1. Please specify each residue of segment 231-244 satisfying the condition of being open to solvent by less than 10 Å² (accessible area, probe 1.4 Å) and more than 16 Å from the ligand (Cβ to nearest atom).
2. Starting from segment 134-152, keep only residues that are touching a residue at least 60 places away in the same chain (Cβ under 8 Å), then list their pairs with residues that are open to solvent by less than 50 Å² (accessible area, probe 1.4 Å) whose Cβ atoms are within a distance under 6 Å, requiring at least 6 positions of separation or different chains.
3. Which strands (runs of 3 or more DSSP E) sit wholly inside segment 539-622 and have at least 2 residues that are among the small types (Gly, Ala, Ser)?
4. Looking only at segment 285-295, which residues are open to solvent by 20 Å² or more (accessible area, probe 1.4 Å) and within 11 Å of the ligand (Cβ to nearest atom)?
5. Look through segment 250-278, keep the residues that are out of contact with any Phe, Trp or Tyr (no Cβ under 6 Å at 6 or more places or on another chain) and more than 15 Å from the ligand (Cβ to nearest atom), and return whichever of them is nearest to residue 117 (Cα to Cα).
6. Condition test on residue 632, is it aliphatic (A, V, I, L, M), surrounded by fewer than 18 Cβ atoms within 10 Å (Cβ to Cβ) and in contact (Cβ under 8 Å) with a residue 60 or more places away in the chain?
7. For the condition over 15 Å from residue 354 (Cβ atoms) and either part of a helix (DSSP H, G or I) or at pLDDT 95 or above (or both), what is the one hit in 491, 506?
8. Could you check residue 308 against (1) modelled with pLDDT of 95 or more; (2) more than 15 Å from the ligand (Cβ to nearest atom); (3) among the aliphatic types (A, V, I, L, M) and say which number it fails?
Amino acid sequence: MEKKPKFYITTPLYYPSGKWHLGHSYTTVCCDAIARYKRLTGYDVFYLTGTDEHGQKIEERATAAGKTPKQFVDELVDNIKKLWALLDIKYDKFIRTTDDYHVKSVQKIFTQLYEQGDIYKATYKGKYCTPCESFWTPSQLVDGKCPDCGRDVIDAEEESYFFRLSKYKEPLKKLLTQTDFLEPKSRVNEMVNNFLNDLNDLAVSRTSVKWGIPVPFDPKHSIYVWVDALTNYINALGYNNGEENMDYWPADVHMVGKEIVRFHTIIWPAILMALGLEVPKKVYGHGWMLFGGDKMSKSKGNVADPFILAERYGIDALRYYLLREIPFGSDGTYTDEAFLTRINADLVHDLGNLVKRTVSMANQYFGGTVKRPKDIGGEYADMANELFAKVDKAMNKYSCSEALEAIFAFVSASNKFIDANAPWTLNKNGETEKLSAVIYELLEGIRLIAGYLLPFIPSGSERIFKDLGLKAPESLNGIKFGDTKAFKVGEGEVLYKRLDIKKELEELNKVEQEDKEEKKEEKEEKPAEVKKEISIDEFFNTQLKVAEVIACEKVEKADKLLKLTLKVGEETRTVVSGIAKSYTPEEMVGKQVVLVANLKPAKLRGIVSEGMVLCAVDGDKVVLVSPERVVAPGSEVC
Ligand code: MSP
């Protein structure tokens, strides 16, 4: 048997940092449709998705949720897997950057690059964006702020390992400007002008991040999250671990949102060049799904919650909307109204009616059995036979929206074909042969439509095949109008129910309100945490003393922490405290606080903290506990 050509497609590895929203579903559903299309057109496909689980942001979220980072990500990973099952996503592998084989391979890659001189150790001085965990050169800043998130940057200096990214400037330039590596082409200039022309070596380790993969030969450093995350694309294939699926490499396409094109088209190919591996054939930077004018994000309310939409309106509705509504490559705005209108117009009115009307007529006029006429041909048959080329052209550009546009143009043409031929009149006039030919042609048209829709709305397509009394095809190659000898159709079920848009909008609003209320109640009702009872002796094991703040400064690269210098009797102590969101360093100096004086010292952001100051915590508010009147520093609190 002839060997199938290989096709490797990937989504980004999503951060499990909060609720999954429609934006994540967008990339995953697009990749799923492309993967299904390739399988149905003769490719041996490997579709990879997964989660990117390390880094400071995740560590902070986990702490805020009172969980360990691993517990925190485990729950979100379970949840995203449920979402992919709900949306009928058929991936071949799900990789987690906390998977053991991945961690080992990342460490091996880092060591290899170090040993061959592509990674070296130096001191980094520069502008650092804490939330993005990125260093920037002054010329990369936009209005003095982080070019990725627009937030303030700070001056930072740290010992770091560097990747010799600058060494790859010329081959990268060639790759970006002389090949089709990056699509859409409109993103190439941005990469070259904003990043490539001013390419510096890249800091690829952090001493401040604990939740990460340690540099194996210098474990106080964690490997930079992007080096960890990007290498997943080869580690998932068994790189450094048996190479079991490395024959899928190079990837045919890495599908990513436009905000992470830079990492995929500059850092990633340079790492691959350093490893002596081929670069991916293509990186496709798609646009964003906007919500109320902004990039959709978890803070935008649950109406754009894929769980709610899929459960309420069905997988076909959600998949179809995601694949059809936004012209691939551009941004598009989600609104409930546009979503519901799209479903009513295309799925209910055009597709649903076409199938229902045709199958009903086949039953009504011919008892469900319709045979192929002697002569087949004409404009409608030609249109049907031209459809595959259009779909294929669109899918080779990875444009699901364009493919669906072509299929639905043919759905409309089919509805017009019914009206133009008026089967009810043919029936009335006793033109049975012509009537049979018209119904046959319509059933054939629907067969092609259902076939070409298989990658996009697989469950709807299957139901249409059932209506036609046929099995869904295993391949879309070589399907020809007129190939079916006879149809024995089913009952003609209603594929999609018409939605009352006004009512549905009210319902969605209600669901959103209920969800908000529920969250509020959960917050309000959460019982105060009751800790285990302790004896008075146990309590007196804690030594509490009054201390006076004699100096205070911010802790670099940690927006919640202040470093306090405390006078406790004759002694001076350093304490790191998470109060920077509530107090400035200036207002702290001179305050009296209560210190847990016999707490075991701990290192926080490289500073040894000798104790802890007591605070009252009221939601986001953190308020210091102080003696009611000034007392001598060092006084016992009991
Ligand atoms: N962890 C990195 C990627 C590492 S890849 C080796 C990351 N994760 S993320 O959770 O922030 O996911 C970003 C991706 O999710 C985007 O690039 C895009 O594919 C998808 N989307 C998230 N929100 C989106 C929209 N609002 N609109 C379209 N896609 C969106 O970045």
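The values are calculated or read from the model by the stated rules, or taken from the named source; none is laboratory data. Predicted model, so just to flag it, every value in this text is computed and none were measured. All Cβ positions, glycine included, derive from the backbone under ideal geometry; neighbour counts span all protein chains shown. Note: areas computed on protein heavy atoms with side chains; ligands, DNA, RNA excluded. Shrake-Rupley method; radii C 1.70, N 1.55, O 1.52, S 1.80 Å.
1. Restricting attention to segment 231-244, the residues satisfying the condition of being open to solvent by less than 10 Å² (accessible area, probe 1.4 Å) are 231-238.
Listed by number, the list holds a single entry, 238.
2. 135/126; 135/128; 135/203; 148/132
3. Numbers: elements: 544-554, 562-568, 571-577, 592-596, 602-604, 607-609, 615-618.
Where strands (runs of 3 or more DSSP E) fall fully within segment 539-622 and carry at least 2 residues being among the small types (Gly, Ala, Ser), they are 544-554.
4. Pass one, segment 285-295, residues open to solvent by 20 Å² or more (accessible area, probe 1.4 Å): 288, 290-295.
Within segment 285-295, 288, 290, 291, 294, 295 qualify.
5. Across segment 250-278, the extreme among qualifying residues is 274.
6. On the way: aliphatic (A, V, I, L, M): yes; surrounded by fewer than 18 Cβ atoms within 10 Å (Cβ to Cβ): yes; in contact (Cβ under 8 Å) with a residue 60 or more places away in the chain: yes.
Here the answer is yes, as residue 632 does meet what is asked.
7. Working: 491 fails: either part of a helix (DSSP H, G or I) or at pLDDT 95 or above (or both).
None of the other options fit; the residue is 506.
8. Of the numbered conditions (1) modelled with pLDDT of 95 or more; (2) more than 15 Å from the ligand (Cβ to nearest atom); (3) among the aliphatic types (A, V, I, L, M), the odd one out for residue 308 is (1).
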